[in-house]
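The values are calculated or read from the model by the stated rules, or taken from the named source; none is laboratory data. This one's a predicted model, so the numbers in the text were calculated from it and none came from an experiment. Note that we place each Cβ from the backbone using ideal geometry, even for glycine, and neighbour counts take in every protein chain shown. Each accessible area value is taken on the protein alone, full model and side chains, heavy atoms only, with ligands, DNA and RNA left out. Shrake-Rupley method; radii C 1.70, N 1.55, O 1.52, S 1.80 Å.
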Number of protein chains: 2
Amino acid sequence: MSGVPELVVLRLLAQREMYGYEIARTLKVVSQGALTLGEGVLYPALHALETRGLLRALPRQVEGRTRIYYRLTPRGRRRLARLAANWQQLSEGVGRILGVADHD
Amino acid sequence: MSGVPELVVLRLLAQREMYGYEIARTLKVVSQGALTLGEGVLYPALHALETRGLLRALPRQVEGRTRIYYRLTPRGRRRLARLAANWQQLSEGVGRILGVADHD
DNA sequence: TCCTATACCTCGCCAAGCGAGGTATAGTCT
DNA sequence: AGACTATACCTCGCTTGGCGAGGTATAGGA
């Protein structure tokens, strides 16, 4: 219905390349704790997005640790636009329902 | 993650008693088409909500057809408050992610 | 040595979403 | 009479998604 994890991951990566752990941290900070993706959600999501050709994986060695940076592909960018529009719709729709004084 | 169907159903019923078919129609109208619950979502949701004691079912015969009106219970009202707050949180969180100019 | 932080991963469960199909009545149109 | 539309309910079964719990490994500080 909402596809929030996919949406927010794509949105962050539209800014710049990031690796999984970083995405998780950033999400928490930017959303002020309102949005937290557990690793059991995040990593499978990243793999799925890569498989579907929306992300490119760029593994790098940094300070002895492996980081897999992800970069948005053009398809990913289009997908993001679609999902963002959907979210906007949904969000406004729910907003209208929540805000009904009364109807019909 | 979002629990949108449950939220909007409870919200509508907080206004007044309604029956399933009516809920579906109203949802569509009020949300201006942004939000549509198929019957495969709506009816199971209503049954679940009733089982969990958040709704009371009130079957009535109207013009030769059976309508099952639903009324919010006090527990349903509390649940609605909780879900609405959650939604608010989520919605704002996603909003912040979508609106990032840049961070960190 | 041990703990914490960083950084990745998968398995398996449960819940949710949702299309497709089914039943039945009332009213309208041909 | 027959066909079609709108109303009104229902369930089955598939697929997706979310998510906790667990596992591996390195670096650095106590």
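Scanning region B:43-83 for residues that are open to solvent by less than 30 Å² (accessible area, probe 1.4 Å) and assigned to a helix (DSSP H, G or I) turns up B:Ala45, B:Leu46, B:Leu49, B:Gly76, B:Leu80, B:Leu83. The selection criterion, being over 14 Å from the mean Cα position of the chain (by Cα) and either within 11 Å of chain A (Cβ to nearest Cβ) or within 12 Å of DNA strand D (Cβ to nearest atom) (or both), holds for B:Met1. Taking region B:1-37 as the range and being away from DNA strand C (no atom under 15 Å from the Cβ) and within 21 Å of A:Asn86 (Cβ to Cβ) as the test, the residues that pass are B:Val29, B:Val30, B:Gln32.
In the set (1) among the small types (Gly, Ala, Ser); (2) within 13 Å of DNA strand C (Cβ to nearest atom); (3) open to solvent by 40 Å² or more (accessible area, probe 1.4 Å); (4) within 12 Å of chain A (Cβ to nearest Cβ), B:Gly40 fails one condition alone, (4).
Residues that are open to solvent by 30 Å² or more (accessible area, probe 1.4 Å), in a strand (DSSP E or B) and among the hydrophobic types (A, V, I, L, M, F, W, C) do not occur anywhere in region B:10-25. Scanning region B:13-54 for residues that are farther than 21 Å from A:Leu90 by Cβ and of a type in the set (S, T, N, Q) yields a count of 1.
This table checks each residue for (1) hydrophobic (A, V, I, L, M, F, W, C); (2) touching a Pro at 6+ places or on another chain (Cβ under 7 Å); (3) at pLDDT 95 or above; (4) closer than 12 Å to B:Leu10 by Cα.
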{"position": "B:Lys28", "(1), (2), (3), (4)": "no, no, no, no"}
{"position": "B:Ser31", "(1), (2), (3), (4)": "no, no, no, no"}
{"position": "B:Ala45", "(1), (2), (3), (4)": "yes, yes, yes, yes"}
{"position": "B:Leu72", "(1), (2), (3), (4)": "yes, no, yes, yes"}
{"position": "B:Gly76", "(1), (2), (3), (4)": "no, no, yes, yes"}
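Among residues of region B:53-76 being in contact with a Gly (Cβ under 9 Å, 6 or more places away or on another chain) and without any contact (Cβ under 8 Å) to a residue 40 or more places away in the chain, the one that is farthest from DNA strand C (Cβ to nearest atom) is B:Arg56. Checked against (1) more than 30 Å from B:Ile23 (Cβ to Cβ); (2) surrounded by fewer than 19 Cβ atoms within 10 Å (Cβ to Cβ), A:Gln89 meets all criteria but (1).
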